[in-house]
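First the structure, in the form of structure tokens, and then the observations on it.
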Amino acid sequence: MSLLVVGSVAYDAIESPYGKVERTLGGAATYFSVCAAFFTHVNLVAVVGHDFDPKDEAMLRKRSIDVDGLERADGKCFFWAGRYSENLNERVTLSTDLNVFAEFNPRLPDKYRKSKYVFLANIAPGLQRDVLHQVKGRPKLAALDTMNYWIERTNADLLETLKCVDILMINDSETRQLSNENNLLRAARHIFKLGPSTLVVKRGEYGAMLVDKHGVFCVPAFPLEEPHDPTGAGDSFAGGFMGYLASVGSTSDAELRRAMVYGSVMGSFTVERFGLDRLLTLKKPEIHARARHFAKLTQFKL
Ligand code: AMP
């Protein structure tokens, strides 16, 4: 089943203890689409500027990603710069230039409107809602990601958008910030009152946790000896998670658990190299092999 995503397509400048890149293709919707396309067809909604490299467009087209919803506008692409701490666990944002996203008015191509799986990747909550409202009928599953930037600047808009989604997928500090609760289970209870019935908390090197009416399910992060760049790991997690669910066409408890594993698998590949580098050489059998590795990693007898 096809999967719709709206979010940033950007150029990033990244500094980590392992190196530095001045300008590389990034953006939440880019990482999401590239990862989800290993599992299913993806409909991408975003805007780019005149500086968008045709080679980057060709890379997206070569995959199972429809770019008819990728608008070109006057101006420059979204630009983000960030620096990671020595242990890669903390990051400071050095700049966020919305550029063409500041005036973006998403229009969904007709063929996108039937999408049953929708992911509202990290972008202004008003744009996320706009896109969701253009989808015909209620999607089978709508999930949303956001970040401190939007929680602080557009809180009322975010609360409005949250009413319309099934899953909120954010990192642990954002969960605490949004709910004003330090404990993640209490935070989940708070978030369920805002709209979503499922919370997925991405916890970096500590893995991810899903909370819903069935209870709690946790996956570890894949242990890596030399992670290089965590940029996009959360979006890659979301791409693996939603891509897998759309490919099986089910949101049963068992499939949600498998989706958590595929999310963690995709996040782990992304952090192995800078930017999208590892994802661009990745092959499907490697994904399944790592998923099997996860099963071993977490197996025990009582
Ligand atoms: P993550 O590491 O999963 O938080 O995602 C990093 C990606 O998000 C980068 O490639 C950035 O281009 C993009 N990004 C950073 N800040 C924002 C923002 N405020 N809105 C949308 N996308 C952003």
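Worth a mention:
- For GluC sites (Glu not before Pro), the sites in the stretch 4-98 that DSSP calls loop and that have at most 12 other Cβ atoms within 10 Å are 86, 90.
- Per-residue SASA remark: residue 287, around 0 Å² accessible (1.4 Å probe; ligands, DNA and RNA not included).
- Taking 302, 88, 4 and ordering them by how much accessible surface each has at a 1.4 Å probe, largest first, produces 302, 88, 4.
- Expressed to the nearest 5 percent, the antiparallel share of DSSP beta bridges inside the stretch 146-302 is 65 percent.
- Taking every DSSP beta bridge that has both ends in the chain, the antiparallel portion is near 40%.
- Among the GluC sites (Glu not before Pro) in the stretch 217-302, those placed in a DSSP loop whose Cβ has at most 11 other Cβ atoms within 10 Å are 225.
- Per residue, the accessible area of the stretch 220-298 comes to 40 Å² when a 1.4 Å probe rolls over the protein heavy atoms.
- Computed from point charges on the beta carbon alone (+1 for Lys and Arg, -1 for Asp and Glu), the dipole magnitude for the stretch 155-302 about its Cα centre is near 560 Debye.
- Fraction of accessible area attributable to carbon and sulfur, the stretch 194-265 (%, probe 1.4 Å): 50 percent
- Each Lys and Arg contributes +1 and each Asp and Glu -1, all at the Cβ; summed about the Cα centre of the chain, the dipole is approximately 1280 debye.
- For residue 207, the residues 5 or more places off, or on other chains, whose built amide H falls under 5 Å of its own are 221.
- Most to least packed among 264-271, 183-190, 141-148 [average Cβ atoms within 10 Å]: 264-271, 141-148, 183-190
- Relative contact order (%) - criterion: Cα under 8 Å, at least six apart; region: the chain: 18 percent
The values are calculated or read from the model by the stated rules, or taken from the named source; none is laboratory data. Quick caveat: nothing in here was measured; it's all calculated off a predicted structure. Don't worry about glycine lacking a Cβ; one is built from the backbone with ideal geometry, like all the others, and counts go over all protein chains shown. Surface areas here come from the heavy atoms of the whole protein model, side chains and all, with no ligands, DNA or RNA. Shrake-Rupley method; radii C 1.70, N 1.55, O 1.52, S 1.80 Å.
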